[in-house]
Ligand SMILES: NC(=O)c1ccc[n+]([C@@H]2O[C@H](COP(=O)([O-])OP(=O)(O)OC[C@H]3O[C@@H](n4cnc5c(N)ncnc54)[C@H](OP(=O)(O)O)[C@@H]3O)[C@@H](O)[C@H]2O)c1
């Protein structure tokens, strides 16, 4: 997709991005770094961190690789401390992307394990809350926070109840923090993606993904970063407390009527 943002438009911006070793988060980190920002590359997998850091540095960008487990408060504190040390204690933007659903462990609530329920809620919801809490004192006035919800947080999904609860919680949390930080002109928004592929177009994947939306579209991580650039930019300076659906119209489905 064509890049609509001018070179270096995020120059001198320090952006702390969780989940930036994953499919969508790594695409976001690469794009911000390509536009001049200093970004964190965070996740639990050290090799994956190194590989994304290498990519960004080889492309001329600036970043720091940081191991982070968002379900562990000590890990959150240490990771943010490392980022602050590299940025003279200034964060311009926080992107809470770390998360994910139960996937191969999906189950109806009565059959789901308590460990899995707690893991999903801790990673997606509590991780977002605690990373935000730790970053708030360092976010510059006029900065931004972007949280990751999901269409499943809007519509629910059988066998994903803990994930639906966590992602719906993120929407309410986003609105509350938008109210708390508005006086500092810090904008706080969330994004709800529909299906975004991690595996490319192999096998049945292309058709299956296209069937999930009304645009008949197939999207990879790098195809859905535009909304994040927009919400981080001054173009979005009057937007706070919003949840933006980026789903090809997936939530429009009314079963039995279309
Ligand atoms: N893909 C979709 O269709 C879709 C749709 C709607 C919303 N979303 C949301 O978008 C975000 C990114 O999803 P994705 O598709 O890019 O998934 P992904 O490729 O699995 O990436 C998930 C990222 O989160 C990190 N992560 C997971 N658990 C973590 C933990 N406990 N501590 C720290 N980092 C952790 C992963 O790194 P490590 O595993 O190395 O720690 C990885 O960087 C998630 O919040 C997801 O819920 C995705």
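Test each condition in (1) touching a helix residue (DSSP H, G or I) at 6+ places or on another chain (Cβ under 7 Å); (2) within 14 Å of the ligand (Cβ to nearest atom) for residue 51 and report the one that comes out false. Looking at each condition in turn, residue 51 falls short on (1).
Within the range 11-23, restricting attention to residues that are within 11 Å of the ligand (Cβ to nearest atom) and crowded, with 24+ Cβ neighbours inside 10 Å, the residue that is nearest to residue 139 (Cα to Cα) is 17.
Taking the range 44-55, which residues are in contact with a strand residue (DSSP E or B) (Cβ under 7 Å, 6 or more places away or on another chain) and either free of Cβ contacts under 8 Å to residues at least 24 places away in the same chain or in a loop (DSSP other than H, G, I, E, B) (or both)? Don't jump to the end; show me each part of the working.
Start the filter on the range 44-55 by keeping residues that are in contact with a strand residue (DSSP E or B) (Cβ under 7 Å, 6 or more places away or on another chain), which leaves 44, 46, 49-50, 52-53.
Across the range 44-55, the qualifying residues are 44, 46, 50, 53.
Considering only residues that are touching a helix residue (DSSP H, G or I) at 6+ places or on another chain (Cβ under 8 Å) and farther than 20 Å from residue 2 by Cα, look in the range 194-215 and name the one that is farthest from the ligand (Cβ to nearest atom).
Here is the first cut: in the range 194-215, the residues touching a helix residue (DSSP H, G or I) at 6+ places or on another chain (Cβ under 8 Å) are 194-199, 212-214.
Now narrow it down to the ones that are farther than 20 Å from residue 2 by Cα: 194-195, 198-199, 212-214.
On the way: 194: 6, 195: 5, 198: 5, 199: 10, 212: 9, 213: 11, 214: 16 Å.
Ranking the candidates gives 214 first.
For (1) buried (at least 24 other Cβ atoms within 10 Å of the Cβ); (2) in a helix (DSSP H, G or I); (3) touching a strand residue (DSSP E or B) at 6+ places or on another chain (Cβ under 9 Å); (4) modelled with pLDDT under 95, each residue gets a yes or a no:
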site	(1), (2), (3), (4)
27	no, yes, yes, no
30	no, yes, yes, no
42	yes, no, yes, no
60	no, no, no, no
65	no, no, yes, no
84	no, yes, yes, no
94	yes, no, yes, no
101	no, no, yes, no
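Taking residues in the range 132-151 that are free of Cβ contacts under 8 Å to residues at least 60 places away in the same chain, and partners anywhere that are assigned to a helix (DSSP H, G or I) and more than 16 Å from the ligand (Cβ to nearest atom), the pairs with Cβ atoms closer than 7 Å and at least 6 places apart or on different chains are 132/177; 138/84; 141/184; 145/177.
When you look at residue 89, is it assigned to a loop (DSSP other than H, G, I, E, B) and within 16 Å of residue 225 (Cβ to Cβ), yes or no? Even if it seems obvious, please write down each step before you answer.
Working: assigned to a loop (DSSP other than H, G, I, E, B): yes; within 16 Å of residue 225 (Cβ to Cβ): no.
Against the criterion (assigned to a loop (DSSP other than H, G, I, E, B) and within 16 Å of residue 225 (Cβ to Cβ)), residue 89 does not qualify.
In the set (1) out of contact with any helix residue (DSSP H, G or I) (no Cβ under 8 Å at 6 or more places or on another chain); (2) within 9 Å of the ligand (Cβ to nearest atom); (3) assigned to a loop (DSSP other than H, G, I, E, B), residue 36 fails one condition alone, (2).
The values are calculated or read from the model by the stated rules, or taken from the named source; none is laboratory data. Quick caveat: nothing in here was measured; it's all calculated off a predicted structure. Ideal geometry is used to build each Cβ from the backbone, glycine not excepted, and the neighbour counts take in all protein chains shown.
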